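The values are calculated or read from the model by the stated rules, or taken from the named source; none is laboratory data. Given the structure is predicted, the values throughout are model-derived calculations rather than measurements. Please note: Cβ atoms are built from the backbone with ideal geometry, for glycine as well, and neighbour counts cover all protein chains shown. Just so you know, the surface numbers come from the protein's heavy atoms only, side chains and all, with ligands and any DNA or RNA stripped out. Shrake-Rupley method; radii C 1.70, N 1.55, O 1.52, S 1.80 Å.
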Amino acid sequence: MTLVSRQFVEMPRTRIEGFLASFPRLMTAGQQHTTVETDAIRYVYQPLGEDMYTVLITNRHSNIVQDIDTLHLVARAINDICDILDQDDVLNNAFELLSAFDEIISLGYRENIDIQKLRTIMEMESHEEKIQEIIQKNKEREAKQELKRKAKLFDEQRKEALKRGISGQSFGGGISSGMGGMSSSLSSGYESVPTRDPMPTSYSSYSASSAAKSKPDSTSKARGMKLGQKPKAPAMFEHTPDPTDALEEMTNDLSLADEVEETAVPTVVTKDVHISIEESVTATINRDGGLEELEVKGDLFLTIKNEENNKSQVKVALPDNIKPQFKTHPNIDKKLFTQNNLLTLKERARPLPLGQPAGILKWRFVSQDEEDIPLSINCWPEPSATPGRYTVNIEYEKTEKTASHLELKNVIIAIPIPRGGHPEVEDIAKGSYEVKPGAIHWKIPVIDDGDSTGSMEFSIQAGSDDTFFPINVSFESDKPLCNVQIEKVSFTGGDDDVDYSQFVQMKTDEYRVV
């Protein structure tokens with residue numbers, strides 16, 4: 001019984017089934033080698049346990065040494081993907097196995113790939129899943145920030161109460177209500193991201209009521225001091241832990257999460273044929289300007305709304321400046337894509353589901369070449385004449401090789417600063433800045449070819465130049481970095497163009513200068 005089969009040359013199904021049915025009869029018990037030849041073909045096989053074999057069927061003129069090496073790589077891929085390695089496990093992981101076979105063999109020829117590269121390709125993460133994880137982490141960070149703000153407010157009110165001499169009993173209600181507010185804020189922070197208002201109205205109302213309680217009531221009856229009683233407030237606060245100490249460590253790692261807001265998704269008028277291109281960029285750049293790692297992941301989704309357009313094909317233009325690795329859906333004719341950049345269904349493939357976006361093309365680009373950095377960031381912190389004070393010069397530049405076709409929008413460069421510090425911005429060539437707790441955010445609305453560079457200078461008290469790293473950067477664009485473009489959409493087998501709509505979005509996932 002055949003569990004998983006994949007063919008890479010055009011051949012009738014009945015002939016393949018005949019080859020597979022003949023294989024068990026050609027095997028001889030007790031033989032040393034793992035190849036069997038007939039008049040026309042060669043079987044190269046390897047056992048996978050007691051009752052399963054991996055079989056590679058080739059013609060007799062192929063390189064047997066390369067065939068055996070390919071078979072070993074296929075067997076290692078099966079062992080990596082399947083945990084138990086029984087028939088049920090192979091069937092459950094059939095889709096992953098077919099994807100691995102497509103990466104190893106293309107159009108009947110072995111790809112230049114080893115097991116490490118194969119593992120990297122097979123571990124491609126879901127873009128949608130990463131977005132959801134980022135949103136969840138942002139909500140958690142926002143909740144912690146809200147908790148720290150309320151804890152700071154409570155600490156200020158406690159100190160003010162001690163100065164005014166409020167008794168422990170009267171301030172006990174303040175502690176209870178304050179902690180209750182913190183608890184409700186923390187729980188609500190995980191449901192929706194809190195708004196970034198300067199100060200909620202509940203704070204001021206709480207402070208006003210506390211201040212009102214601290215004022216003596218002229219109409220109340222005055223009481224004298226009773227001898228023999230100890231003041232309660234100081235004793236009570238000696239055993240009250242400082243909430244800000246416990247929260248300081250939780251909020252030290254401040255990043256661009258504070259800048260995340262719930263924004264409306266851009267409205268796109270979709271037609272009967274709609275194409276969506278989504279791309280994410282991850283980069284780690286060292287402070288000397290060298291590129292440690294750049295990874296770009298992209299997806300092309302096709303949505304068909306009616307039966308009439310279900311046989312549409314998409315012709316794409318691939319980039320010339322960089323060479324990403326492309327991966328088509330198993331139902332897409334890979335040969336046509338390789339030869340003509342044409343995304344079309346195979347003849348026997350099932351049609352795409354109507355009204356649902358189907359991912360038909362993926363790409364991935366990895367580089368450590370400095371010229372491939374889309375936006376270079378240089379930060380120069382230098383000690384000034386004043387002891388303990390630093391002057392920081394930071395500049396950006398949009399590169400020509402990979403980003404010449406891009407218009408970067410909503411650019412935010414977040415430079416860490418000491419908490420409670422007050423930077424003095426001496427020069428800013430473009431954009432605006434905003435001081436956040438633990439960071440200064442430099443905001444540039446647009447970076448294009450007409451204005452591809454900019455700089456900012458500020459000074460601040462700091463312990464060392466390591467204080468200003470890592471720098472977090474975020475930007476987006478309505479064109480992909482890998483410059484995959486749609487040339488046209490037409491009916492399969494014809495030249496008649498199909499009217500379509502498209503949506504393109506490129507965003508940074510994690511872009512840091514360390």
Exercise for the section: Determine the order of F8, F469 by accessible area, beginning with the largest, at a probe radius of 1.4 Å. Expected result: F8, F469
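In percent, what relative contact order does segment 282-341 have, based on Cα pairs under 8 Å that are 6 or more apart in sequence? Walk me through the numbers before you get to the answer.
Details: 24 pairs, mean separation 12.3, N = 60.
Across segment 282-341, relative contact order equals 21 percent.
Tell me, what is the Rg over Rh of segment 348-499, with Rh the Kirkwood radius over Cα pairs? Kindly include the intermediate steps, with their values, before the conclusion.
Working: Rg = 21.9 Å, Rh = 18.7 Å.
Over the Cα atoms of segment 348-499, Rg/Rh equals 1.17.
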Practice task
Round to the nearest 10 and report in Å² the accessible area of K311, as given by a 1.4 Å probe over the protein chains' heavy atoms.
Solution key: 110
Exercise for the section: Search the structure for amide H atoms under 5 Å from the amide H of S106, placed 1.01 Å from N in the peptide plane, and list their residues when 5 or more places away or on another chain. Expected result: E111
Handout entry: Pair A40, D496: separation of 7 Å Cα→Cβ label points (nm)
Key = 4.1
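Could you compute the net charge surrounding F301? Neighbours are other residues with a C-beta less than 13 Å from the C-beta of F301; K and R count +1, D and E count -1. Write out the running numbers ahead of the final one.
Values: positive: K362; negative: E128, E278, E279, D299.
Overall, the nearby charge balance is -3.
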Completion exercise
Cα extents of segment 58-116 along the principal axes, largest first, in whole Å, come to 35, 20, 19
Practice task
Find the centroid of the Cα atoms in segment 70-87 and in segment 379-393, then give the distance between the two in whole Å.
Solution key: 57
Completion exercise
Note: segment 280-421, point scatterers on Cα, Debye, no solvent; log10 I/I(0) at q = 0.21 Å⁻¹ equals -1.26
Handout entry: Convex hull (Cα only) mean projected area of segment 7-125, reported in nm² to one decimal
Key = 8.3
Practice task
Distance check, please: which entries in K311/K507; K334/K401; K137/K159; K130/K479 exceed 25 angstrom between their Cα atoms?
Solution key: K311/K507; K334/K401; K137/K159
Handout entry: Accessible surface of segment 2-102, 1.4 Å probe, proportion on carbon and sulfur as whole %
Key = 50
Problem - Accessible surface of E371 - all protein chains present, 1.4 Å probe, nearest 10 Å² - result: 110
Practice task
Taking amide H positions as placed in the peptide plane 1.01 Å from N, state which residues far from L56 in sequence (5 or more) or on other chains have amide H under 5 Å from it.
Solution key: V44, Y45
Practice task
Take every Cα pair under 8 Å in segment 364-514 that's 6+ residues apart, average their separations, divide by the length, and report that relative contact order as a whole percent.
Solution key: 25
Exercise for the section: Any chance you could look up the accessible area of R164 with a 1.4 Å probe, heavy atoms only, rounded to 10 Å²? Expected result: 130
Handout entry: Heavy-atom surface of segment 348-405, accessible at 1.4 Å and reported per residue (Å²)
Key = 54
